[in-house]
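A short write-up of the structure that comes next.
The values are calculated or read from the model by the stated rules, or taken from the named source; none is laboratory data. These numbers come from a predicted model, not from an experiment. Cβ placement follows ideal geometry from the backbone for every residue including glycine, while neighbour counts extend to all protein chains displayed.
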Amino acid sequence: MTCKWYPVCPMKRFTDAGRLDPKWVNTYCKGNWRSCVRYRMESRGQAHPDYMLPDGTLDDSLDRR
């Protein structure tokens with residue numbers, strides 16, 4: 001099962017653009033999405049930056065527009 005937010009998640013956009021290793025999507029978005037920090041924060045209505053990876057680390061290289 002895929003995360004319900006995958007279609008609008010920045011991780012999808014970054015992966016589609018070739019800026020992020022697909023392992024993130026495969027491991028979290030299309031795998032164990034309940035362990036995704038982004039998913040849990042979104043569920044609680046907590047703001048988080050687009051460049052936050054599913055494990056909670058920040059990848060500043062993704063912050064470029």
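Of all residues in the range 25-52, those satisfying the criterion of being within 15 Å of residue 1 (Cα to Cα) and within 9 Å of the chain's Cα centre (by Cα) are 25, 28, 29, 36, 39.
Filtered by the rule that a residue be loosely packed, with under 14 Cβ neighbours inside 10 Å and among the polar types (S, T, N, Q), the range 5-53 gives 26, 32, 35, 43, 46. Candidates 64, 13, 40, 44: the one that is modelled with pLDDT under 95 and out of contact with any strand residue (DSSP E or B) (no Cβ under 8 Å at 6 or more places or on another chain) is 64.
Scan the range 23-45 and give yes if some residue there is in a loop (DSSP other than H, G, I, E, B), among the charged types (D, E, K, R), without any contact (Cβ under 8 Å) to a residue 60 or more places away in the chain and closer than 21 Å to residue 64 by Cα, otherwise no. Steps first, answer last, please.
Quick first cut of the range 23-45, residues in a loop (DSSP other than H, G, I, E, B) only: 30-32, 36, 44-45.
If we keep only those that are among the charged types (D, E, K, R) as well, we get 30, 44.
From the residues that got through so far, the ones that are without any contact (Cβ under 8 Å) to a residue 60 or more places away in the chain too are 30, 44.
Subset that is closer than 21 Å to residue 64 by Cα: none.
No, the range 23-45 contains no residue that is in a loop (DSSP other than H, G, I, E, B), among the charged types (D, E, K, R), without any contact (Cβ under 8 Å) to a residue 60 or more places away in the chain and closer than 21 Å to residue 64 by Cα.
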